[in-house]
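Engineer: Quick one: this structure, given as C-alpha coordinates, is what I'll be asking you about.
The values are calculated or read from the model by the stated rules, or taken from the named source; none is laboratory data. Quantities reported herein were computed from a predicted structural model and do not represent experimental measurements. Positions of Cβ are backbone-derived with ideal geometry, glycine not excepted, and every protein chain shown enters the neighbour counts. Please note that ligands, DNA and RNA were not included when accessible areas were found on the heavy atoms of the full protein model with its side chains. Shrake-Rupley method; radii C 1.70, N 1.55, O 1.52, S 1.80 Å.
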Amino acid sequence: MAITNQEEREEERDEEMVALGLESVVSEARDTFEKGKTKGFEWRRDQLRALLRLLEEKEDEMFQVLNQDLGKHRVEAFRDEVGVLIKSVDHAVQGLKKWMTPESVVVPLVAFPSSAAIVSEPLGLVLVFSSWNFPIGLSLEPMIGAIAAGNAIVLKPSDLAPATSQFLHDNIPKYLDKEAIKVVQGGAQVAEKLLNLKWDKIFFTGSPKVGRIVMTAAAQHLTPVTLELGGKCPAIFDSFKGSRDKNVAVQRVFGGKWGPCAGQACIGIDYLLVEETYAQTLIESLKGVLKKFYTKPEYMARIINAQHFERINNFFQEKSVSSSIVHGGSVDPDKLFIEPTILLNPPLDSEIMTEEIFGPLLPIITVKKIEESIEFIKARPKPLVIYAFTHNETLKQRLTKETSSGSLIFNDAIVQYALDTIPFGGVGQSGFGGYHGKFSYYNFSHKKPVLRRSFLTEFSIRYPEWNEKKLQLLRHMYRFEYFGFVMCFLGLKTIGKWKITTG
(Lines give C-alpha, C1' and ligand atoms only; values in the text may rest on other atoms or scores of the structure.)
Protein backbone atom coordinates (compact mmCIF):
# COMPACT_ATOMS: atom_id res chain seq x y z
CA MET A 1 0.00 0.00 0.00
CA ALA A 2 2.87 2.36 0.84
CA ILE A 3 4.41 1.72 -2.55
CA THR A 4 1.09 2.39 -4.24
CA ASN A 5 0.67 5.67 -2.37
CA GLN A 6 4.20 6.71 -3.29
CA GLU A 7 3.54 5.92 -6.96
CA GLU A 8 0.33 7.93 -6.83
CA ARG A 9 2.16 10.89 -5.27
CA GLU A 10 4.88 10.69 -7.94
CA GLU A 11 2.22 10.58 -10.66
CA GLU A 12 0.51 13.62 -9.16
CA ARG A 13 3.83 15.48 -9.05
CA ASP A 14 4.46 14.59 -12.69
CA GLU A 15 1.04 15.92 -13.63
CA GLU A 16 1.72 19.12 -11.70
CA MET A 17 5.04 19.55 -13.50
CA VAL A 18 3.31 19.05 -16.86
CA ALA A 19 0.64 21.58 -15.95
CA LEU A 20 3.20 24.13 -14.73
CA GLY A 21 5.28 23.67 -17.88
CA LEU A 22 2.25 24.17 -20.11
CA GLU A 23 1.16 27.24 -18.18
CA SER A 24 4.63 28.75 -18.64
CA VAL A 25 4.58 28.10 -22.39
CA VAL A 26 1.09 29.52 -22.77
CA SER A 27 1.87 32.52 -20.57
CA GLU A 28 4.85 33.51 -22.71
CA ALA A 29 2.79 33.31 -25.88
CA ARG A 30 -0.02 35.38 -24.37
CA ASP A 31 2.42 38.00 -23.03
CA THR A 32 3.95 38.27 -26.49
CA PHE A 33 0.53 38.92 -27.99
CA GLU A 34 -0.41 41.46 -25.31
CA LYS A 35 2.74 43.42 -26.08
CA GLY A 36 1.43 43.86 -29.64
CA LYS A 37 4.30 42.07 -31.34
CA THR A 38 2.09 39.94 -33.59
CA LYS A 39 -0.31 42.63 -34.74
CA GLY A 40 1.72 44.52 -37.34
CA PHE A 41 1.76 43.81 -41.06
CA GLU A 42 5.53 43.23 -41.13
CA TRP A 43 5.47 40.54 -38.43
CA ARG A 44 2.65 38.67 -40.13
CA ARG A 45 4.28 38.86 -43.56
CA ASP A 46 7.69 37.84 -42.23
CA GLN A 47 6.26 34.83 -40.37
CA LEU A 48 4.43 33.65 -43.47
CA ARG A 49 7.59 33.98 -45.54
CA ALA A 50 9.50 32.07 -42.88
CA LEU A 51 6.90 29.31 -43.01
CA LEU A 52 7.37 29.16 -46.76
CA ARG A 53 11.12 28.75 -46.26
CA LEU A 54 10.47 25.90 -43.85
CA LEU A 55 8.31 24.14 -46.44
CA GLU A 56 10.91 24.60 -49.15
CA GLU A 57 14.05 23.82 -47.16
CA LYS A 58 12.68 20.91 -45.13
CA GLU A 59 10.76 19.18 -47.90
CA ASP A 60 12.77 15.96 -47.82
CA GLU A 61 12.51 15.70 -44.05
CA MET A 62 8.73 16.12 -44.27
CA PHE A 63 8.57 13.38 -46.88
CA GLN A 64 10.53 11.12 -44.53
CA VAL A 65 8.38 11.65 -41.44
CA LEU A 66 5.13 11.30 -43.40
CA ASN A 67 6.40 8.02 -44.80
CA GLN A 68 7.50 6.91 -41.36
CA ASP A 69 4.14 7.68 -39.72
CA LEU A 70 1.75 6.76 -42.53
CA GLY A 71 3.70 5.13 -45.34
CA LYS A 72 2.93 8.04 -47.69
CA HIS A 73 4.81 8.16 -50.97
CA ARG A 74 6.73 11.41 -51.47
CA VAL A 75 4.48 12.34 -54.41
CA GLU A 76 1.34 11.79 -52.34
CA ALA A 77 2.90 13.77 -49.49
CA PHE A 78 3.58 16.71 -51.79
CA ARG A 79 0.22 16.50 -53.55
CA ASP A 80 -1.87 16.41 -50.36
CA GLU A 81 0.21 18.32 -47.82
CA VAL A 82 3.44 20.11 -48.73
CA GLY A 83 2.35 21.43 -52.12
CA VAL A 84 -1.05 22.52 -50.82
CA LEU A 85 0.63 24.44 -48.00
CA ILE A 86 3.08 26.20 -50.34
CA LYS A 87 0.12 27.35 -52.42
CA SER A 88 -1.77 28.50 -49.31
CA VAL A 89 1.16 30.49 -47.93
CA ASP A 90 1.75 32.19 -51.30
CA HIS A 91 -1.93 33.12 -51.44
CA ALA A 92 -1.87 34.53 -47.90
CA VAL A 93 1.25 36.63 -48.54
CA GLN A 94 -0.29 38.06 -51.70
CA GLY A 95 -3.63 38.86 -50.06
CA LEU A 96 -2.47 39.93 -46.60
CA LYS A 97 -2.40 43.70 -47.10
CA LYS A 98 -5.84 43.69 -48.71
CA TRP A 99 -7.27 41.49 -45.95
CA MET A 100 -5.92 43.85 -43.28
CA THR A 101 -7.33 46.98 -44.93
CA PRO A 102 -10.39 48.30 -43.05
CA GLU A 103 -13.61 47.83 -45.00
CA SER A 104 -15.56 51.07 -45.44
CA VAL A 105 -19.33 50.76 -45.06
CA VAL A 106 -22.23 53.03 -45.93
CA VAL A 107 -23.79 55.04 -43.10
CA PRO A 108 -27.36 56.36 -43.52
CA LEU A 109 -27.74 60.06 -44.26
CA VAL A 110 -29.70 60.49 -41.05
CA ALA A 111 -26.46 59.94 -39.14
CA PHE A 112 -24.59 62.69 -41.05
CA PRO A 113 -21.83 63.65 -40.46
CA SER A 114 -20.39 60.23 -39.62
CA SER A 115 -18.36 57.39 -41.10
CA ALA A 116 -17.95 53.71 -40.34
CA ALA A 117 -15.62 50.84 -41.16
CA ILE A 118 -15.10 47.20 -40.25
CA VAL A 119 -11.64 46.59 -38.83
CA SER A 120 -10.27 43.05 -38.51
CA GLU A 121 -8.44 42.50 -35.26
CA PRO A 122 -6.70 39.33 -34.02
CA LEU A 123 -8.53 37.24 -31.46
CA GLY A 124 -5.49 36.76 -29.25
CA LEU A 125 -3.98 33.44 -28.20
CA VAL A 126 -5.30 30.50 -30.21
CA LEU A 127 -4.96 26.76 -29.66
CA VAL A 128 -4.73 24.50 -32.71
CA PHE A 129 -5.31 20.75 -32.41
CA SER A 130 -4.27 18.94 -35.58
CA SER A 131 -5.08 15.43 -36.77
CA TRP A 132 -2.87 12.46 -37.63
CA ASN A 133 -4.04 11.68 -41.18
CA PHE A 134 -2.55 14.86 -42.70
CA PRO A 135 -0.31 15.73 -39.77
CA ILE A 136 1.64 18.50 -41.49
CA GLY A 137 -1.17 19.91 -43.63
CA LEU A 138 -3.73 20.02 -40.83
CA SER A 139 -1.19 21.57 -38.47
CA LEU A 140 0.08 24.34 -40.70
CA GLU A 141 -3.03 25.17 -42.79
CA PRO A 142 -4.93 26.71 -39.85
CA MET A 143 -1.70 28.28 -38.61
CA ILE A 144 -1.43 30.20 -41.88
CA GLY A 145 -4.75 31.90 -41.14
CA ALA A 146 -3.91 32.45 -37.48
CA ILE A 147 -0.58 34.07 -38.35
CA ALA A 148 -2.11 36.21 -41.10
CA ALA A 149 -4.72 37.43 -38.63
CA GLY A 150 -2.01 38.44 -36.13
CA ASN A 151 -2.52 35.90 -33.36
CA ALA A 152 -0.17 34.10 -31.01
CA ILE A 153 -0.45 30.33 -31.44
CA VAL A 154 -0.02 27.11 -29.52
CA LEU A 155 -0.03 24.05 -31.81
CA LYS A 156 -0.76 20.60 -30.42
CA PRO A 157 0.12 18.04 -33.12
CA SER A 158 -1.37 14.55 -32.96
CA ASP A 159 0.66 12.09 -30.92
CA LEU A 160 -0.53 9.31 -33.24
CA ALA A 161 1.92 10.64 -35.86
CA PRO A 162 4.98 10.88 -33.58
CA ALA A 163 7.67 11.42 -36.21
CA THR A 164 5.75 14.33 -37.73
CA SER A 165 4.96 15.75 -34.30
CA GLN A 166 8.65 15.70 -33.41
CA PHE A 167 9.54 17.32 -36.74
CA LEU A 168 7.12 20.20 -36.10
CA HIS A 169 8.33 20.59 -32.52
CA ASP A 170 11.97 20.76 -33.62
CA ASN A 171 11.64 22.94 -36.72
CA ILE A 172 8.87 25.48 -36.16
CA PRO A 173 10.93 27.33 -33.48
CA LYS A 174 13.88 27.46 -35.91
CA TYR A 175 11.88 29.32 -38.54
CA LEU A 176 9.04 31.11 -36.76
CA ASP A 177 8.87 33.47 -33.78
CA LYS A 178 9.37 31.08 -30.86
CA GLU A 179 7.99 33.60 -28.36
CA ALA A 180 4.64 33.87 -30.14
CA ILE A 181 4.29 30.45 -31.82
CA LYS A 182 4.64 27.36 -29.66
CA VAL A 183 4.48 23.62 -30.34
CA VAL A 184 3.40 21.34 -27.50
CA GLN A 185 3.73 17.57 -27.82
CA GLY A 186 1.90 14.91 -25.86
CA GLY A 187 -1.12 12.69 -25.66
CA ALA A 188 -4.55 12.90 -24.10
CA GLN A 189 -3.22 14.09 -20.74
CA VAL A 190 -1.49 17.10 -22.30
CA ALA A 191 -4.55 17.87 -24.42
CA GLU A 192 -6.73 17.83 -21.31
CA LYS A 193 -4.35 20.19 -19.49
CA LEU A 194 -4.36 22.56 -22.45
CA LEU A 195 -8.16 22.57 -22.58
CA ASN A 196 -8.31 23.60 -18.93
CA LEU A 197 -6.48 26.83 -19.77
CA LYS A 198 -8.07 30.00 -21.13
CA TRP A 199 -7.88 30.62 -24.88
CA ASP A 200 -9.24 33.22 -27.24
CA LYS A 201 -9.97 30.59 -29.91
CA ILE A 202 -9.71 26.82 -30.24
CA PHE A 203 -9.37 25.20 -33.66
CA PHE A 204 -9.87 21.45 -33.62
CA THR A 205 -9.58 18.85 -36.38
CA GLY A 206 -10.60 15.33 -35.45
CA SER A 207 -13.48 13.06 -34.55
CA PRO A 208 -16.94 14.16 -33.39
CA LYS A 209 -16.36 12.27 -30.11
CA VAL A 210 -13.31 14.35 -29.19
CA GLY A 211 -14.94 17.44 -30.69
CA ARG A 212 -17.66 17.23 -28.04
CA ILE A 213 -14.98 17.12 -25.33
CA VAL A 214 -13.33 20.21 -26.82
CA MET A 215 -16.62 22.10 -26.94
CA THR A 216 -17.45 21.18 -23.35
CA ALA A 217 -14.08 22.46 -22.13
CA ALA A 218 -14.31 25.62 -24.25
CA ALA A 219 -17.71 26.43 -22.74
CA GLN A 220 -16.09 26.93 -19.34
CA HIS A 221 -14.38 30.06 -20.65
CA LEU A 222 -16.91 30.87 -23.39
CA THR A 223 -14.13 30.30 -25.90
CA PRO A 224 -15.15 30.31 -29.59
CA VAL A 225 -14.42 27.03 -31.36
CA THR A 226 -13.98 25.86 -34.92
CA LEU A 227 -14.61 22.14 -35.34
CA GLU A 228 -13.42 20.36 -38.47
CA LEU A 229 -14.95 16.92 -38.10
CA GLY A 230 -16.21 14.59 -40.79
CA GLY A 231 -18.90 11.96 -41.14
CA LYS A 232 -20.09 9.72 -43.92
CA CYS A 233 -19.59 11.63 -47.17
CA PRO A 234 -21.74 10.15 -49.95
CA ALA A 235 -21.04 10.16 -53.66
CA ILE A 236 -23.86 9.83 -56.16
CA PHE A 237 -22.81 8.10 -59.37
CA ASP A 238 -25.29 8.62 -62.20
CA SER A 239 -25.31 6.54 -65.37
CA PHE A 240 -23.12 7.90 -68.18
CA LYS A 241 -23.78 7.37 -71.86
CA GLY A 242 -20.29 8.29 -73.01
CA SER A 243 -17.40 6.03 -72.02
CA ARG A 244 -14.90 8.87 -71.66
CA ASP A 245 -16.87 10.81 -69.03
CA LYS A 246 -17.66 7.57 -67.22
CA ASN A 247 -13.98 6.60 -67.14
CA VAL A 248 -12.92 10.03 -65.89
CA ALA A 249 -15.62 9.93 -63.22
CA VAL A 250 -14.49 6.48 -62.05
CA GLN A 251 -10.88 7.67 -61.85
CA ARG A 252 -12.03 10.60 -59.72
CA VAL A 253 -13.92 8.23 -57.44
CA PHE A 254 -10.66 6.30 -57.03
CA GLY A 255 -8.91 9.58 -56.18
CA GLY A 256 -11.66 10.56 -53.76
CA LYS A 257 -11.76 7.23 -51.95
CA TRP A 258 -8.37 5.53 -52.04
CA GLY A 259 -6.13 8.44 -53.08
CA PRO A 260 -5.83 10.47 -49.87
CA CYS A 261 -4.14 8.52 -47.06
CA ALA A 262 -5.70 5.16 -48.01
CA GLY A 263 -9.18 6.50 -47.40
CA GLN A 264 -8.30 7.93 -43.98
CA ALA A 265 -9.63 11.37 -44.84
CA CYS A 266 -12.64 13.26 -43.54
CA ILE A 267 -13.45 14.52 -47.05
CA GLY A 268 -12.96 11.15 -48.68
CA ILE A 269 -15.88 9.32 -50.29
CA ASP A 270 -17.47 7.09 -47.67
CA TYR A 271 -19.98 5.26 -49.87
CA LEU A 272 -21.49 5.36 -53.36
CA LEU A 273 -25.12 5.59 -54.43
CA VAL A 274 -25.94 4.22 -57.88
CA GLU A 275 -28.93 2.90 -59.80
CA GLU A 276 -29.17 -0.89 -59.43
CA THR A 277 -29.13 -1.40 -63.20
CA TYR A 278 -25.80 0.44 -63.45
CA ALA A 279 -24.11 -1.02 -60.36
CA GLN A 280 -22.28 -3.88 -62.10
CA THR A 281 -20.93 -1.55 -64.77
CA LEU A 282 -19.59 0.74 -62.05
CA ILE A 283 -18.04 -2.14 -60.09
CA GLU A 284 -16.19 -3.48 -63.12
CA SER A 285 -14.95 0.00 -63.96
CA LEU A 286 -13.69 0.49 -60.39
CA LYS A 287 -11.87 -2.83 -60.51
CA GLY A 288 -10.19 -1.76 -63.73
CA VAL A 289 -9.09 1.58 -62.26
CA LEU A 290 -7.70 -0.12 -59.14
CA LYS A 291 -5.70 -2.46 -61.35
CA LYS A 292 -4.48 0.48 -63.44
CA PHE A 293 -3.37 2.79 -60.61
CA TYR A 294 -2.56 0.47 -57.74
CA THR A 295 0.44 -1.27 -59.28
CA LYS A 296 2.79 -1.05 -56.28
CA PRO A 297 2.03 -1.29 -52.54
CA GLU A 298 3.92 1.94 -51.85
CA TYR A 299 1.46 3.87 -54.00
CA MET A 300 -1.02 3.74 -51.14
CA ALA A 301 -0.51 4.85 -47.54
CA ARG A 302 -0.96 2.38 -44.70
CA ILE A 303 -3.36 2.37 -41.78
CA ILE A 304 -2.03 4.63 -39.02
CA ASN A 305 -1.75 2.03 -36.22
CA ALA A 306 -2.96 -1.34 -34.91
CA GLN A 307 -5.94 0.16 -33.11
CA HIS A 308 -7.34 1.77 -36.25
CA PHE A 309 -6.49 -1.34 -38.24
CA GLU A 310 -8.67 -3.41 -35.90
CA ARG A 311 -11.44 -0.81 -36.02
CA ILE A 312 -11.62 -1.06 -39.82
CA ASN A 313 -11.10 -4.82 -39.87
CA ASN A 314 -14.02 -5.23 -37.47
CA PHE A 315 -16.37 -3.98 -40.17
CA PHE A 316 -15.79 -7.34 -41.89
CA GLN A 317 -16.71 -9.41 -38.87
CA GLU A 318 -20.44 -9.29 -39.55
CA LYS A 319 -21.26 -12.15 -41.91
CA SER A 320 -23.82 -10.06 -43.76
CA VAL A 321 -21.09 -7.49 -44.43
CA SER A 322 -18.32 -9.91 -45.44
CA SER A 323 -20.73 -11.64 -47.81
CA SER A 324 -21.29 -8.33 -49.61
CA ILE A 325 -17.61 -8.02 -50.65
CA VAL A 326 -17.28 -8.04 -54.43
CA HIS A 327 -13.62 -7.05 -54.63
CA GLY A 328 -10.65 -7.12 -52.26
CA GLY A 329 -10.99 -7.85 -48.57
CA SER A 330 -7.48 -9.13 -47.82
CA VAL A 331 -5.62 -7.76 -44.80
CA ASP A 332 -2.10 -7.91 -43.36
CA PRO A 333 -1.99 -6.95 -39.66
CA ASP A 334 1.81 -6.98 -39.55
CA LYS A 335 2.07 -4.37 -42.30
CA LEU A 336 -1.10 -2.52 -41.22
CA PHE A 337 -2.41 -3.12 -44.73
CA ILE A 338 -6.01 -3.45 -45.84
CA GLU A 339 -6.67 -4.03 -49.51
CA PRO A 340 -8.94 -1.56 -51.33
CA THR A 341 -12.30 -3.26 -50.96
CA ILE A 342 -15.65 -2.84 -52.69
CA LEU A 343 -18.88 -4.01 -51.08
CA LEU A 344 -22.30 -4.20 -52.70
CA ASN A 345 -25.34 -3.43 -50.58
CA PRO A 346 -24.13 -4.24 -47.07
CA PRO A 347 -27.00 -3.96 -44.56
CA LEU A 348 -27.90 -0.33 -43.91
CA ASP A 349 -28.03 -0.97 -40.16
CA SER A 350 -24.55 -2.53 -40.10
CA GLU A 351 -21.69 -0.62 -38.53
CA ILE A 352 -20.03 0.00 -41.88
CA MET A 353 -23.11 2.01 -42.92
CA THR A 354 -23.72 3.82 -39.62
CA GLU A 355 -20.15 4.79 -38.67
CA GLU A 356 -17.59 6.80 -40.63
CA ILE A 357 -15.37 4.22 -42.34
CA PHE A 358 -12.14 6.24 -42.50
CA GLY A 359 -10.37 3.53 -44.42
CA PRO A 360 -10.09 1.81 -47.84
CA LEU A 361 -13.55 0.15 -47.81
CA LEU A 362 -16.14 1.37 -50.31
CA PRO A 363 -19.78 0.26 -49.93
CA ILE A 364 -21.98 0.68 -52.99
CA ILE A 365 -25.67 1.17 -52.23
CA THR A 366 -28.17 0.73 -55.05
CA VAL A 367 -31.38 2.67 -55.65
CA LYS A 368 -34.05 2.10 -58.28
CA LYS A 369 -33.81 5.69 -59.54
CA ILE A 370 -30.90 8.02 -58.94
CA GLU A 371 -33.25 10.70 -57.61
CA GLU A 372 -33.95 8.45 -54.61
CA SER A 373 -30.41 9.18 -53.44
CA ILE A 374 -31.57 12.63 -52.31
CA GLU A 375 -33.95 11.22 -49.70
CA PHE A 376 -31.35 8.63 -48.70
CA ILE A 377 -28.86 11.41 -47.92
CA LYS A 378 -31.42 13.66 -46.22
CA ALA A 379 -32.38 10.84 -43.84
CA ARG A 380 -28.85 10.88 -42.38
CA PRO A 381 -26.69 13.45 -40.53
CA LYS A 382 -25.42 16.34 -42.63
CA PRO A 383 -22.12 15.28 -44.21
CA LEU A 384 -18.96 17.31 -44.63
CA VAL A 385 -19.37 17.05 -48.39
CA ILE A 386 -21.71 15.52 -50.95
CA TYR A 387 -20.23 14.42 -54.26
CA ALA A 388 -22.33 13.83 -57.35
CA PHE A 389 -21.10 12.56 -60.72
CA THR A 390 -23.81 13.41 -63.20
CA HIS A 391 -24.79 15.36 -66.30
CA ASN A 392 -28.36 15.69 -65.02
CA GLU A 393 -28.92 19.41 -64.44
CA THR A 394 -32.25 18.80 -62.70
CA LEU A 395 -30.55 16.47 -60.24
CA LYS A 396 -27.84 19.06 -59.62
CA GLN A 397 -30.45 21.73 -58.89
CA ARG A 398 -32.37 19.44 -56.56
CA LEU A 399 -29.22 18.50 -54.65
CA THR A 400 -28.33 22.17 -54.29
CA LYS A 401 -31.79 23.14 -53.03
CA GLU A 402 -32.85 20.07 -51.06
CA THR A 403 -29.70 18.83 -49.30
CA SER A 404 -27.43 20.37 -46.68
CA SER A 405 -23.72 19.64 -46.40
CA GLY A 406 -20.46 21.41 -45.71
CA SER A 407 -19.91 21.57 -49.46
CA LEU A 408 -21.44 20.16 -52.63
CA ILE A 409 -19.13 19.05 -55.44
CA PHE A 410 -20.20 17.99 -58.90
CA ASN A 411 -18.11 15.67 -61.08
CA ASP A 412 -14.97 15.63 -58.97
CA ALA A 413 -13.76 14.84 -55.47
CA ILE A 414 -11.27 16.23 -52.94
CA VAL A 415 -10.19 19.16 -55.15
CA GLN A 416 -12.30 21.64 -53.17
CA TYR A 417 -9.83 21.32 -50.29
CA ALA A 418 -7.11 22.91 -52.41
CA LEU A 419 -9.14 25.98 -53.43
CA ASP A 420 -8.37 29.20 -51.56
CA THR A 421 -11.40 31.07 -52.89
CA ILE A 422 -14.05 28.95 -51.18
CA PRO A 423 -14.32 28.05 -47.47
CA PHE A 424 -13.70 24.53 -46.27
CA GLY A 425 -15.78 23.31 -43.33
CA GLY A 426 -18.78 21.37 -42.19
CA VAL A 427 -22.31 21.91 -40.98
CA GLY A 428 -24.17 20.24 -38.13
CA GLN A 429 -22.44 17.06 -36.96
CA SER A 430 -19.71 17.43 -39.59
CA GLY A 431 -18.42 20.56 -37.86
CA PHE A 432 -18.71 24.31 -38.14
CA GLY A 433 -16.49 27.21 -39.07
CA GLY A 434 -14.83 27.50 -42.49
CA TYR A 435 -11.23 28.20 -43.41
CA HIS A 436 -8.69 28.34 -46.29
CA GLY A 437 -7.61 31.52 -48.04
CA LYS A 438 -9.22 34.69 -46.73
CA PHE A 439 -11.72 32.55 -44.84
CA SER A 440 -8.87 31.36 -42.60
CA TYR A 441 -8.03 34.99 -41.93
CA TYR A 442 -11.64 35.72 -41.02
CA ASN A 443 -11.82 32.59 -38.86
CA PHE A 444 -9.06 33.88 -36.60
CA SER A 445 -10.18 37.53 -36.64
CA HIS A 446 -12.82 39.63 -34.95
CA LYS A 447 -14.50 41.94 -37.44
CA LYS A 448 -14.84 45.03 -35.27
CA PRO A 449 -17.19 47.84 -36.37
CA VAL A 450 -15.71 51.31 -35.85
CA LEU A 451 -18.15 54.23 -36.04
CA ARG A 452 -17.05 57.87 -35.99
CA ARG A 453 -19.65 60.54 -35.18
CA SER A 454 -19.45 64.32 -35.08
CA PHE A 455 -20.94 66.67 -32.47
CA LEU A 456 -22.25 68.89 -35.27
CA THR A 457 -25.81 67.55 -35.31
CA GLU A 458 -28.02 66.18 -32.57
CA PHE A 459 -31.64 65.00 -32.65
CA SER A 460 -33.74 65.57 -29.57
CA ILE A 461 -36.14 62.82 -30.70
CA ARG A 462 -33.71 60.36 -29.11
CA TYR A 463 -34.66 61.55 -25.64
CA PRO A 464 -37.81 62.21 -23.55
CA GLU A 465 -40.23 64.01 -23.28
CA TRP A 466 -42.14 61.65 -25.56
CA ASN A 467 -44.93 62.94 -27.81
CA GLU A 468 -46.68 62.06 -31.06
CA LYS A 469 -44.48 64.29 -33.16
CA LYS A 470 -41.37 62.46 -31.98
CA LEU A 471 -43.07 59.16 -32.73
CA GLN A 472 -43.83 60.29 -36.28
CA LEU A 473 -40.28 61.57 -36.76
CA LEU A 474 -38.92 58.22 -35.60
CA ARG A 475 -41.23 56.39 -38.01
CA HIS A 476 -39.86 58.45 -40.92
CA MET A 477 -36.27 58.09 -39.72
CA TYR A 478 -36.26 54.28 -39.43
CA ARG A 479 -37.71 53.98 -42.93
CA PHE A 480 -35.18 56.53 -44.23
CA GLU A 481 -38.06 58.68 -45.52
CA TYR A 482 -36.09 61.91 -45.48
CA PHE A 483 -38.68 64.02 -47.29
CA GLY A 484 -41.40 63.02 -44.83
CA PHE A 485 -38.98 63.54 -41.93
CA VAL A 486 -38.23 67.12 -42.99
CA MET A 487 -41.90 67.92 -43.53
CA CYS A 488 -42.82 66.53 -40.13
CA PHE A 489 -39.93 68.34 -38.48
CA LEU A 490 -41.11 71.65 -40.01
CA GLY A 491 -44.60 71.14 -38.67
CA LEU A 492 -46.10 69.90 -41.93
CA LYS A 493 -47.63 66.52 -42.59
CA THR A 494 -48.02 64.30 -45.66
CA ILE A 495 -51.21 62.73 -46.97
CA GLY A 496 -50.71 59.89 -49.41
CA LYS A 497 -47.38 60.17 -51.12
CA TRP A 498 -47.04 63.78 -52.24
CA LYS A 499 -49.92 65.97 -50.95
CA ILE A 500 -48.74 68.31 -48.25
CA THR A 501 -50.91 70.35 -45.90
CA THR A 502 -50.18 72.56 -42.92
CA GLY A 503 -50.88 71.22 -39.47
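Engineer: At a 1.4 Å probe radius, which order do Arg79, Arg479, Arg44 fall into by accessible area, largest first?
Structural biologist: Largest accessible area first, the list is Arg479, Arg79, Arg44.
Engineer: What value does segment 132-288 have for Rg/Rh, both radii from Cα atoms and Rh as Kirkwood defines it?
Structural biologist: Over the Cα atoms of segment 132-288, Rg/Rh equals 1.11.
Engineer: I've got another one for you. Working with all protein chains in place, sort Glu121, Glu351 by solvent-accessible area computed with a 1.4 Å probe, largest first.
Structural biologist: Descending order: Glu351, Glu121.
Engineer: Among the listed pairs Lys182/Lys448; Lys232/Lys396; Lys232/Lys401; Lys246/Lys291; Lys382/Lys447, which are separated by more than 22 Å between their Cα atoms?
Structural biologist: Over 22 Å apart, Cα to Cα: Lys182/Lys448; Lys382/Lys447.
Engineer: Given axes a ≥ b ≥ c from the Cα gyration tensor, I'd like to know whether segment 219-302 is rounded (a/c under 1.5), prolate (a/b larger than b/c) or oblate.
Structural biologist: oblate
Engineer: A follow-up question, please. Can you compute the modelled spin-label distance between Lys209 and Ser460, with each label point 7 Å from Cα toward Cβ, in nm?
Structural biologist: It is 7.0 nm.
Engineer: On to the next question. In Å and on Cα atoms, what radius of gyration and Dmax does segment 217-256 show?
Structural biologist: Both quantities, over Cα of segment 217-256: 19.5, 57 Å.
Engineer: Suppose R0 equals 25 Å; then what is the FRET efficiency for Glu351 and Glu375 from their Cβ-Cβ distance, rounded to the nearest 0.05?
Structural biologist: 0.65
Engineer: Could you let me know the centre-to-centre spacing of segment 405-476 and segment 135-206, using Cα atoms, in angstrom?
Structural biologist: A separation of 28 Å, based on Cα centres.
Engineer: Could you check how much of the accessible area of the chain is carbon and sulfur, as a whole percent, using a 1.4 Å probe?
Structural biologist: Carbon-and-sulfur percentage of accessible area, whole number: 54.
Engineer: Continuing with the same structure: Return the Cα extents of the chain along principal axes one, two and three, sorted largest first, each rounded to a whole Å.
Structural biologist: Extents along the principal axes, in whole Å: 91, 67, 51.
Engineer: Hey, another quick one. Along Cα→Cβ, 7 Å out, is where each label goes; now give me the distance between the ones at Tyr294 and Ser27 in nm to one decimal.
Structural biologist: Between Tyr294 and Ser27, the label points sit 5.3 nm apart.
Engineer: Here's a follow-up. Cα gyration tensor of segment 102-207, axes a ≥ b ≥ c as square roots of the eigenvalues: rounded (a/c below 1.5), prolate (a/b > b/c) or oblate?
Structural biologist: Taking the square roots of the gyration eigenvalues as a ≥ b ≥ c, segment 102-207 is prolate.
Engineer: Using the per-residue mean of other Cβ atoms lying within 10 Å as a proxy for protection, in what order, highest first, do the peptides 374-381, 445-452 fall?
Structural biologist: Ranking, from highest mean packing down: 374-381, 445-452.
Engineer: How many angstrom separate the Cα center of segment 232-276 from the Cα center of segment 59-125?
Structural biologist: Between the Cα centre of segment 232-276 and that of segment 59-125, the gap is 29 Å.
Engineer: Given a 1.4 Å probe, how much area per residue of the chain is accessible, in Å²?
Structural biologist: Each residue of the chain exposes 49 Å² on average to a 1.4 Å probe.
Engineer: Hey, how much of the P(r) for segment 86-142 falls beyond 15 Å, as a percent of Cα pairs?
Structural biologist: 70 percent
Engineer: Can you give the FRET efficiency to the nearest 0.05 for Phe480 and Thr101, using r as the Cβ-Cβ distance and R₀ = 25 Å?
Structural biologist: For Phe480 and Thr101, the calculated efficiency is 0.35.
Engineer: Starting from one equal scatterer on each C-alpha and no solvent at all, send me the Debye-based log10 I(q)/I(0) for segment 323-472 at q = 0.13 Å⁻¹, two decimals.
Structural biologist: Result of the Debye calculation: -0.81.
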